[in-house]
Each structure stands twice: as structure tokens, then as C-alpha cells.
Amino acid sequence: CQYLLKLLAPSPAQPAARNPLTRIMTFECCWLRHESCGPGQAPPEEDKIALAGVANDSLHDQDLRALAQSRPRTQDERWWQGRRAILVDVMILVPMLTVAFIVRSAGFDKLASLAECSTAMALVVSLVLHWRAGRRASDAGDDAGGGGSATWKPHADADWQSATALALLARFEGVGELDGGFRMDAKTCRRFLIAWKGDVEGAAFGLQKYVEWRKKTRPAEITVEDVKTEHATKKGYAHGIDRLGHPVFWAFVSRHDRFNRDLEETAKLILFTMEDALRIGQRYQSSDQICLVFDLSGFGTKSMDIEVVKRLFLVLARFYPERLGRVLLWNAPLVFNGFWQLISPFIDPVSFRKIKFVGEQNIVEAIGPAMLPDEILTRLGLKR
């Protein structure tokens, strides 16, 4: 592959990034070098540069697949790879032992002894190879600071992530403008890539569904008139930013009545408030993630709406990945514990790790008084 790359040196008439054969050879070299290094190691620096260079051009599907192949295997993938290796060993050794048994039964002791020795040698070689592979994986983990258990994470490698996000963006360059002037950009592709834990094809699938959803639902164009009834209850609105720079989505559960609500309009209110919070973040030029605050004071049976909670977290996971900075469960009463046991299995594991219970007076540690709504300031006795 390297020899062919020299033959295909870029010329003024045809830059390297636009030469399909050069691009394929570049990916092949990256892939071969990756195969020669230990599991869990990040791609070499020259591979990242090569991938970033070709990603600036409009990549074909086979190129994007090659980008996915350049991603080192995760811990789960290495686990399955180890099991497959053991299966291959069994498939080789069992027939050899069977042949040795048949030959010995037929009275050919010398041939049987030779077959048994060959089987033993194959077993020894297999054990040595597995041991060396384990040592290489352990060394790679130690180099990463993980004591032998760390794995390379795509979303932690900025170079690979940026190159792959550009490749994903090239797939959607013909989408054009969506609702509210929204256009697909590299940041959106990067968020989906992180949410899919480096799975390029999975991220591309999620982005395709996201584009279809925005075209159909058009969340940025939802107005107060579209959610007039639910908006009047003031059960949810966006206001201010927290101390980490996240725009805040306030949800007041005591104002929600599951026996007297329109599920579709409530879902639209969630989208309206999400888009409003993201606009606040753009206005303050702060974080593109939000802080979701649930005010649980006054929580009761009428507030126990599993359907709305499921809808909220499914929307966040599918169409707003990596938009949730943290979730504050504020002033939770004891009765909330039972409801929490019911809804927690429906929450995405990544989102679940961002949830924190906060006492009534401790809210100011997360959100400065200047950014609290007037009604919260009055309740805390901070209103002047």
C-alpha cells in the first residue's frame, strides 16, 4: 500500500484528497498499521492526520466505513474477540485429538503419538499467543493510566473525533436548511458520534433519523400559541444559566396533573422549552448543554406521570444527544422515592449518571441568585 501511495503522489492536476485510489490506499495503510499495534491503542499520529486530510473532502460510503475500521476495538469488542479466539482453538484442537484417538485405535501407535505431539505443540503455541496478546492489551491500558483495564475511547480522542465528524457532515451536505434556520454542522455530528460511543454507522443512522424528525416536527418553530394551555400552567420554562454556564430548563412537577393534560401538547411544551433553553445558551455564548431542574416540592399522585417522563428522556436521548449537562432533583419529598424506582429504568444510563439530588437551600450552589427566577428568589427569601 505504501509503495502504491508513492506511485500515486499528488500532482497539481489531481490533489491527493480527490484521488479515490489514493484515498483508499491511505485508509488501507492506516488499517494495516492499526492491526500491527496492540488492542486499545489509539491510531498513530500520522493516521489521524491522514484521516483528517481526506475527511475535508466529500467522502464516499466506503471511506466512512474505513474510518470506522480505524477505530480501535472497545473493551466489549476485545472480550468477544477473545471468546472467538478460544472457539477457533477448540475447533482446531478437538479434530486433531479425534484423529489421534482414531489412529491409536487402529493400531498405528507411532502415528498416534505424532498426532498427539502436534496437538500439544499447537496448544502451547496458542497459549503463548494468547498470553502475549493479553500482555500487549495490559501494557496499552497501563500507558493510558488505567492499570491494565482502560480502553481507548473515541470521544476522548479529539483528532479522530473531529475527522470523523467532518466525514459524517459530508454525508449530510445536501440536507440544506431545516426548521428555524437550523443547518447540520460538525458540532451536531460530533455530539451524535459521542452519544454512539464512536460507532460511525450508528451515529450516521441517528443523524438520519434526527434530520427526518426535525423536518417533520420542526421543534424550533413551535410557538406559545401551539402550547397555549400547557404553557399557561407555568409547569416548565427556560430561565438563566447555572454556575457551569448551562442554560436552565425549570420543571415544576406540582403544577402538572396527569389526569388533566394533553400528552401531545405536553410533549410540544418540552420541545418548545428545550429550544428556548438552547437559544439562551447561544445568547450568553455559554455551554451548548442544558441544566434540567425538577422542582419536586408538592409532589403527589397527580404528578406521577410516567408517560411524560419517558417522553422527556427519550427525546433527549434520541434527538438531543449530549445536550444534557446535568439534572438537579430539587427538594424531593419522601413520597418521591417510590416513583423514582418506577421511572429510573427508563432513563438512559448516560443521562442517569448526570442526575443529582439537591436540598432546598443548596440550589444556590448550582445556580447563582442572579440567575434564579423571581418566584424561586421569593421562596428562598432572597428577593429584595
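Based on what the data block shows, is TYR320 out of contact with any Cys (no Cβ under 8 Å at 6 or more places or on another chain), at pLDDT below 95 and hydroxyl-bearing (Ser, Thr, Tyr)? It is true that TYR320 is out of contact with any Cys (no Cβ under 8 Å at 6 or more places or on another chain), at pLDDT below 95 and hydroxyl-bearing (Ser, Thr, Tyr).
The test for being at pLDDT below 90 and open to solvent by less than 10 Å² (accessible area, probe 1.4 Å) holds for PHE336. Scanning the stretch 291-326 for residues that are of a type in the set (Val, Ile, Thr) and more than 17 Å from the chain's Cα centre (by Cα), we see that the one that is surrounded by the fewest Cβ atoms within 10 Å (Cβ to Cβ) is THR301.
If we keep just the residues of the stretch 347-358 that are hydrophobic (A, V, I, L, M, F, W, C), surrounded by 14 or more Cβ atoms within 10 Å (Cβ to Cβ) and within 20 Å of VAL315 (Cβ to Cβ), which is nearest to the chain's Cα centre (by Cα)? Among those residues, the one meeting the criterion is VAL350.
So that you can scan it fast, the table gives a plain yes or no per residue for (1) open to solvent by 60 Å² or more (accessible area, probe 1.4 Å); (2) on the phi > 0 side of the Ramachandran plot; (3) touching a strand residue (DSSP E or B) at 6+ places or on another chain (Cβ under 6 Å):
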| residue | (1), (2), (3) |
| --- | --- |
| LYS216 | yes, no, no |
| GLU225 | yes, no, no |
| GLU230 | no, no, no |
| GLY236 | no, no, yes |
| GLY240 | no, yes, yes |
| GLY245 | no, yes, no |
| VAL248 | no, no, yes |
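Of the residues making up the stretch 363-383, those that are modelled with pLDDT of 90 or more, farther than 19 Å from GLY236 by Cα and assigned to a loop (DSSP other than H, G, I, E, B) number 1. Checked against (1) among the aliphatic types (A, V, I, L, M); (2) buried (at least 20 other Cβ atoms within 10 Å of the Cβ); (3) closer than 30 Å to GLY198 by Cα, LEU269 passes all but condition (3). In summary, helices (runs of 4 or more DSSP H) completely within the stretch 237-344 and bearing 1 or more residues that are in contact with a Gly (Cβ under 9 Å, 6 or more places away or on another chain) occur at 263-284, 306-319. Which one is surrounded by the fewest Cβ atoms within 10 Å (Cβ to Cβ), of the residues in the stretch 159-209 that are farther than 21 Å from LEU324 by Cβ and hydroxyl-bearing (Ser, Thr, Tyr)? Per the stated criteria, the residue is SER162.
Of the set (1) in contact with a helix residue (DSSP H, G or I) (Cβ under 9 Å, 6 or more places away or on another chain); (2) open to solvent by 30 Å² or more (accessible area, probe 1.4 Å); (3) farther than 30 Å from ARG214 by Cα, all apply to LEU377 but (2).
The values are calculated or read from the model by the stated rules, or taken from the named source; none is laboratory data. These numbers come from a predicted model, not from an experiment. Methodologically, a virtual Cβ is constructed for each residue, glycine included, from the backbone with ideal geometry; neighbour enumeration extends over all protein chains shown. The accessibility values were calculated without ligands, DNA or RNA, using every heavy atom of the protein model including side chains. Shrake-Rupley method; radii C 1.70, N 1.55, O 1.52, S 1.80 Å.
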